[in-house]
Structures are given as structure tokens and as C-alpha cells.
Amino acid sequence: MTVERGSPGGTAVGKGIPLDEELGSLLARLDAEELRRSDRPMRRLPGALVQIEGRRLADFSSNDYLGLATDTRTAKAAADVLEREGVGAGAARLISGTHPVHLALEGALAAFVRAPAALLLGSGYAANLGALPALAGPGDLLYSDELNHASLIDGCRLSRATVRIFPHRDLSALDRRLGEDRDLPGARWIVVEGIYSMEGDLFPLDALVETAREYGARIYLDDAHGVGVLGEGGRGTPELYGVEGEVDVVMGTLGKAFGAAGAFVAGSAALREWLLNRARPFVFSTAPPPAVAAAALAALEIVEAEPERRARLVANARRFRQGLAEVGRSVPAQGTGHITGLRVGDAGETLRIAHDLEARGYLVGAVRPPSVPAETSRLRVGVSSEHTTGQLDGLLRALGELLPPAAG
Ligand code: PMP
């Protein structure tokens, strides 16, 4: 058995060591490497603000790209269901039945991403963990971008298919690998994100569709950070690249641009039916609370009815990227700017800059391993439609002062 470095049982401490003693030494190692994480009380407030320890900070750390997490209309939609029916779904859907709001949300999401059908799951993590092993198995080949999210990596591993990891966004390396494997049996799946959550760069989906077609491969797209945001209608990366209907499976979450929680997998009616039967996190898990589904449905209606939110986000992202260029920071050429990873490298240094930014009133994520590869720790800036120009310019000024010259 291989054990990840730093996992209990992976150390040579041996038998008879009390669990807490072993965990204590592992935590001390995280401390020494400045990789220990902690959570702390926080409240979200309207206007892209958070309240932490009594202070109000401008929030650049979250994925609430359209400000819908604090929208009172989605809260009202949830409250109506809560008042009538309480909180719990009671059981997995295949046991007791499906609440009509789950079906209404699935129908609306499918229509939104221009797919015949969609299936709702409890989270994006659960969706990837469930869908990939339901679709690929031993003898199949999964081609996975090296910077894919942990949930995609885990879904690939759990499938027990052969996993080929290709360099980030490198279509010619992918093409080569597919060519080398041409005579192997099994289905081929290419697994990518539409927009990378820690880099902010886009996968060129139009070219990917061509490559997939050439090799008879299928595409599994995680559009967690694209859906609701990218494309004229906010329908995500496939809309942006003009390849709607050409991606076999699209996963989107409801906890980011939609400001709620949960996720969906969209594709053909057969896909939905298969996942309903075989995606284990769907089959074996209590259905998401109907009130949360009602909130997500209300959020979807707002996303469709208020394109001005996306327009504000685009304008804010542009202002932020221009500002970064003015203070001498390079930004990924690919990408729209609602996510920017500013590489610092060292984990401790990244933490210290985030701490200094916080002292000036800006909450920015300090992203360290295992969320990103070793020595690529970074500040991750998420821009929202709700940021004011004052908040954006203030953060830019602070970054200009605090970032080391080499950071990009
Ligand atoms: N995929 C990607 C690319 C993500 O960034 C995330 C969330 N960090 C997920 C999946 C998981 O989504 P959820 O938060 O809904 O579990």
C-alpha cells in the first residue's frame, strides 16, 4: 500500500504509539513547513464584505463571483420551503423519492447549459467522485490535466482506469499521448477544467473538441468556475468557445457563482439515467436539502435575468488585470480575470503577505500545498461583480506595495 507523506500510518512511528501523539507530531511537521491550516469564524455580508473578529474586510478570497451568496431573493426562496417543510430531505432520492424542487432545478440547469438532462449532487466534490468512476473503469484510459482539482484526481483514482497525466493545457502533449495509446483497448476520456481554479487560465475547449474527435475520445469537463460567469449568457466555458453540445459531460457547482451549494452533472438523458443508477455519492447519500435547491433555482433565474451582473464582473476583472499590469505584475494571457493566481512561491512568505493585506482590510486567499504544487504557493484573488472601484484600487495599491518584485 502506498501512503501519502504525512498521513497517519505513513510515518515510521510504529505500533503502540497513541493516535494523538502521532497526529501531534504530524501537525508539528505541518507547522514547521508553514503548511498548517486553520479555520476561523467569519460572516459574509452584502457588498463583497466579510466580518472577521469584529472587522469588516473586502472579500477577494471567495468564489461568490456574482454576489449571490448574500442575495435576499435566494434566501427568501429557501425560507419559503423551510417554513413549509423544514430542513431535511429525509433520505437518498432513490429510497424515498425526489422532491419536486430537485427535478425543477435539474430541468432548469439542463436548459441553461443547453443539455438534454442534468443530475443534482450534494457538492462538486461528490459529483466528480461519483461520475468519473461511474463512467470509466479498469481497462479505460483517463487523460487528466496535471493541474486538475483534487476532486477530479480522486475521481480518476477511484475509477481504477489507467490515468495519464498531461502537462497543463498542453494539447500537443495530449495529442502525442493519445497517439501512442492508439492501439490500446478501452474508452478514452479527457478530463479538464474549463477555467483553472488556482491559475485563472482557460482550457482551449474548441481545440480540445477537435483532438477528442480525432481520437474518438470523450470529454469530461469540470466547469465549476465557468458556469454562471463565462460566455455571453453565462452558460460557461463551452458557450465561450462555441462548443455547446460537443462536450460529453459537464459538471458545474452551485456553491460558487450561484451562491448556494450542491452541483450538477449535465449531458444526455442516458448519462443522467446511468449516473442516477451508478454514481455512488448520488445513490448512497441523503438528497440535498430542498430549501437549498430552491435557493439555487432562484439564483439561476437571477443569473439569466440580470446579465448586468456579468457585465460588472467583466469590467471589474478588466480593471483589476489592467491595474496589475500597471504595478508590473504579469497576468495569465488566457483567462478573463475573475480568478488570478499571484505566485509567491514560498508558503510562509505567501501567508505573511496575506496577513499584511488583511491588516489593510483585504481578505485574499493564501493558497499553499496540497491545494497547489510545492513551491508554487500563491495569493488567489477572486473578483466579484459587487466589488467597488474603491475596493479594487485599494487592493491593487496594497499588492503593489507588498508583493515581492518577482511575483507574477
Ligand atoms: N472542481 C473545482 C475545479 C473546484 O474548484 C471545486 C471547489 N473548490 C470543486 C470542483 C468542488 O466543488 P464544491 O465546492 O461544490 O464541492
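Any read-out appearing in this document is the output of simple, stated calculations on the displayed coordinates, not a laboratory observation. All of these numbers come straight from a predicted model, not from anything done at the bench. When we count neighbours, we look across all protein chains shown, and the Cβ atoms used for this are built from the backbone with ideal geometry, even at glycine.
Where in the chain lies the longest segment free of GluC sites (Glu not before Pro) that are both loop residues by DSSP (not H, G, I, E, B) and have at most 12 other Cβ atoms within 10 Å? In short, 54-231.
The H on the amide N of Tyr143, modeled in the peptide plane, is under 5 Å from the matching H of Arg164, Trp189, Ile190, Val191, each at least 5 residues off or on a different chain. Coupling constants for the stretch 121-128 follow from the phi torsions by the Karplus curve (6.51 cos²θ - 1.76 cosθ + 1.60, θ = phi - 60°), and in residue order they are 10, x, 7, x, 4, 5, 5, 5 Hz; glycine and proline get x.
Annotation: the residues Leu254, Leu30, Leu240, sorted from fewest to most other C-beta atoms within 10 Å of their own C-beta, follow the order Leu30, Leu240, Leu254.
The overall shape of the chain is rounded: from the C-alpha gyration tensor, with semi-axes ordered a ≥ b ≥ c, the ratio a/c is less than 1.5. If you take every residue apart from Glu214 with its C-beta less than 12 Å away from the C-beta of Glu214, what net charge results, scoring Lys and Arg +1 and Asp and Glu -1? My count for the surroundings of Glu214 gives +1. Rounded to the nearest Hz, the phi-derived 3J(HN,Hα) couplings of the stretch 203-210 under the Karplus curve 6.51 cos²θ - 1.76 cosθ + 1.60 (θ = phi - 60°) are 7, x, 5, 5, 5, 4, 4, 4, where x marks glycine and proline.
When exposed loop sites are taken as trypsin sites (Lys or Arg not before Pro) in a DSSP loop with at most 10 other Cβ atoms within 10 Å, the longest stretch of the chain clear of them is 183-408.
Cβ crowding within 10 Å, taken as a proxy for footprinting-reagent exposure, orders His387, His168 from fewest neighbours to most as His168, His387. The string of couplings for the stretch 23-28 from the Karplus curve (6.51, -1.76, 1.60, θ = phi - 60°) is 5, x, 6, 5, 5, 4 Hz, one whole number per residue in order, with x for Gly and Pro. Of all DSSP bridge pairs formed entirely within the chain, close to 60 percent run antiparallel.
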